[in-house]
1. Can you find, within segment 166-184, the residue that is farthest from Asp248 (Cα to Cα) among those that are crowded, with 16+ Cβ neighbours inside 10 Å and touching a residue at least 40 places away in the same chain (Cβ under 8 Å)?
2. Restricting the first residue to segment 111-127 and requiring it to be touching a residue at least 60 places away in the same chain (Cβ under 8 Å), which pairs with a second residue that is surrounded by fewer than 21 Cβ atoms within 10 Å (Cβ to Cβ) meet a Cβ separation below 9 Å and a spacing of at least six or different chains?
3. Just need a number here: residues in segment 150-182 that are outside any helix (DSSP H, G or I), among the polar types (S, T, N, Q) and touching a Phe, Trp or Tyr at 6+ places or on another chain (Cβ under 8 Å).
4. Among the residues that make up segment 259-273, is at least one of them under 12 Å from Ile157 (Cα atoms) and within 19 Å of the chain's Cα centre (by Cα)?
5. Name the residues in segment 241-291 that are of a type in the set (A, V, I, L, M) and out of contact with any helix residue (DSSP H, G or I) (no Cβ under 6 Å at 6 or more places or on another chain), would you?
6. With the structure loaded, tell me whether Arg147 is part of a loop (DSSP other than H, G, I, E, B) and surrounded by fewer than 19 Cβ atoms within 10 Å (Cβ to Cβ) or whether it fails that test.
7. For a quick check of your reading: which strands (runs of 3 or more DSSP E) sit entirely within segment 183-300 and have at least 2 residues that are over 26 Å from Ala165 (Cβ atoms)?
Amino acid sequence: MAHDIWNMRSVRTRRWSRRKNPVPRVPVWARLTIGILLLAVSGTLLWEGVAWLLRPAGKATQPENSVAVATAHPATAAWQRDVASSLEAAVHEAGAGNITQAEVRVDRAAALVTAAKVRSETASPDFFDAAITQLDRAFAAAPENARLTEHATLMRIELAQLRSALESAPAESHSPNKVSINSPRSVARESTLDPASLGGNFLDAARMPSSAEILEPPFSRLFVDSVKVENLTLAGAAQTLDGIHWRDVTFIGTRLRYQGGEVDLRNVHFVRCTFGFANGNRSARLATAIALGQTSIVIE
């Protein structure tokens, strides 16, 4: 009986051992394969670590599509290289007929420019020249596509706003003879608003709502009304540019509107201004001129 009990316990013990180790044994060939793979991965990681340690300080890996830009302009800021890469991709996509993808690339570039403005980044005139050239190439690839034209125009406006954010006020605006207003000023037909008629050379509209017009010309806003503004600095509030002959004028911190009509700018500067332009080729022309730092443009 004792012998039977011992045998029974032995059977239970063997069953219990099998339950405690349900995982089957790994074949020898599989263990060898896993070992080789681990050695390969370890070697790769070790090699990359050594390469990283030996890499010169400040050297970063660039995306393939920005290598040429980075090589040509090693001191160019990263965000500017990203803008250039996005616009170059937009040119490629537009040329291939992928308009939606081209729009996405242009929108990304515009977002990068907006972010740079918020961060108070700086940019040289060459950056604006290159960006406008790339936009022109994208437009040339699909000139009749209204959607791409609209996206490209918005990008031009963002470039114009960044350029305006980098502008400095002329010396005469630092010691101005100010005239402050708290409501829009009417300007009659065939009249000229200048320091003599205003009683000062600086029209301060800072107390007005940001959406209120500084000057209200005749309703038609056409050149035939012969309204002129000359030798003045206007600050704050908002102003529509259409239909007025602007000469030797500086806008500071003003929201400029353009509705696509006639506009005449002669030696006009925009300092820290924002732009709300109607969509269309005329707005694209005006935004392009501002982005390129041009102070004079006539659109009839």
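1. So the residue we want is Leu166.
2. Pairs that qualify, where the first residue is touching a residue at least 60 places away in the same chain (Cβ under 8 Å) and the partner is surrounded by fewer than 21 Cβ atoms within 10 Å (Cβ to Cβ), are Pro125/Leu292; Pro125/Gly293.
3. 1
4. The answer is yes; a qualifying residue exists.
5. Selection gives Leu241, Ile244, Val249, Ile252, Leu256, Val263, Leu265, Val268, Val271, Ala278, Leu286, Ala289.
6. No: the conditions fail for Arg147.
7. Per the criteria, 227-235.
Yes/no matrix, rows are residues, columns are (1) over 34 Å from the mean Cα position of the chain (by Cα); (2) closer than 30 Å to Arg119 by Cα; (3) touching a residue at least 60 places away in the same chain (Cβ under 8 Å):
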position	(1), (2), (3)
Arg156	no, yes, yes
Ser164	no, yes, yes
Thr192	yes, no, no
Pro195	yes, no, no
Ala206	no, yes, no
Leu215	no, no, no
Val224	yes, no, no
Leu234	no, yes, no
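Quick note: the coordinates plus some simple rules give every number you see, no bench work behind them. None of the values given here were measured: they were computed from a predicted structure. Quick reminder, even Gly has a Cβ in these numbers, built from the backbone with ideal geometry, and neighbours come from all protein chains shown.
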